[in-house]
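First the structure, in the form of structure tokens, and then the observations on it.
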Amino acid sequence: MEATRKKKIKEYIVPGIASFILSILLTVMGYLIGTYFGLFNKALVIDAMNKSTYYESVNKYCYTEALDYLYPSNLDESVLENVFTIKNTYNQGKNYLLAVLNGDSYNINTDYVRDTLTSNIEAYIQSNNIPEESIDRGGINNLIDHICLIYSKNLSVSFLYYYNSLKAIFRQLIVYGLPALALLSIACLLVILRSNKWLHRSLRFVSYSLLAATIMTSILPLGLLISKKYQQLNVRPVYFSKMLARYLRASLNIYLVVSLILFIGALLIICVIYYKKKSLMKSM
């Protein structure tokens, strides 16, 4: 009776506990890896900006703000023609984005906006034969400076500075936490493999761990993707909110990729169990 109890503890309870701990460790590792290659993947940020009409929306937003500021000056809307172009905004936005994501400082170049706006205003003055003495040059310069500031402010993304700080902290967690979790996982794996005489019986517990980790790493991102909670962030301006939603959706998909890898691992283990058991039955 005592021998049976000890055998049951060794073959079922001990590997069962180790399997549970292993599933938790694999889940934590899955979320760490998914976060690093998802939320902290600068390629996803760049892709989200390129595919979410971000730069077009920046131009529209700048135009609207500049127009509101332009009306009191008695200048015509035509002075804003070609001031905000997709080519210039894309080039400046891309350079700014790459610099900030690499941890470098970058001042958005507003020379094109300034030069085009200045040229348009001068052309407007000449075409309307406005006397020089009636022109407020100081007011025009202030207007140009303010519109350049509007452009620079709308094209910059303040959250990226927090993004880099958080990524640096998270990188330390990956460097030290991931190896520790891997070692603990190996320890649990060894306990499981030594718990049974037959390999296929031990591997059952490993498959349980992988399947449990698959469920735990997929349930949260799947829930967010299905409910579309990531789209309900109350962030202004709207164009930034759209870009952020695309970025978060891509990041959540990375967790599902990690979950899929765990599931494939579980299937491979199940196949090994099947063939090991079949081979053992033939040899008996």
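The values are calculated or read from the model by the stated rules, or taken from the named source; none is laboratory data. Source: prediction; values computed, not measured. Using ideal geometry, Cβ is built from the backbone for each residue, glycine included, and neighbour counts are taken over all protein chains shown. Heads up: the accessible areas ignore ligands, DNA and RNA and are worked out on the full protein's heavy atoms, side chains in. Shrake-Rupley method; radii C 1.70, N 1.55, O 1.52, S 1.80 Å.
Observations
- Long-range neighbours under 8 Å by Cβ, at least six apart or interchain, first residue in contact (Cβ under 8 Å) with a residue 60 or more places away in the chain and farther than 22 Å from Asn141 by Cβ within the stretch 48-76, second polar (S, T, N, Q) and in a helix (DSSP H, G or I): Val58/Thr89; Val58/Asn154; Tyr61/Asn154
- Taking the stretch 141-163 as the range and being open to solvent by less than 40 Å² (accessible area, probe 1.4 Å), part of a helix (DSSP H, G or I) and at pLDDT below 85 as the test, the residues that pass are Leu160, Tyr163.
- Breaking point among (1) touching a helix residue (DSSP H, G or I) at 6+ places or on another chain (Cβ under 6 Å); (2) open to solvent by 20 Å² or more (accessible area, probe 1.4 Å), for Leu222: (1)
- Any hit, the stretch 39-51, residues being closer than 22 Å to Leu117 by Cβ and assigned to a loop (DSSP other than H, G, I, E, B): no
- Criterion (at pLDDT 80 or above and more than 20 Å from Arg201 (Cα to Cα)) met by exactly one of Val272, Val238, Val257: Val257
- Subset of the stretch 120-140 [assigned to a helix (DSSP H, G or I), within 16 Å of Val79 (Cα to Cα) and open to solvent by 70 Å² or more (accessible area, probe 1.4 Å)]: Gln126, Ser127, Arg137
- Residues being surrounded by 12 or more Cβ atoms within 10 Å (Cβ to Cβ) and touching a helix residue (DSSP H, G or I) at 6+ places or on another chain (Cβ under 9 Å) - total across the stretch 104-115: 7
- Unique match (being aromatic (Phe, Trp, Tyr), buried (at least 19 other Cβ atoms within 10 Å of the Cβ) and farther than 23 Å from Leu44 by Cβ) among Tyr208, Tyr239, Tyr247: Tyr208
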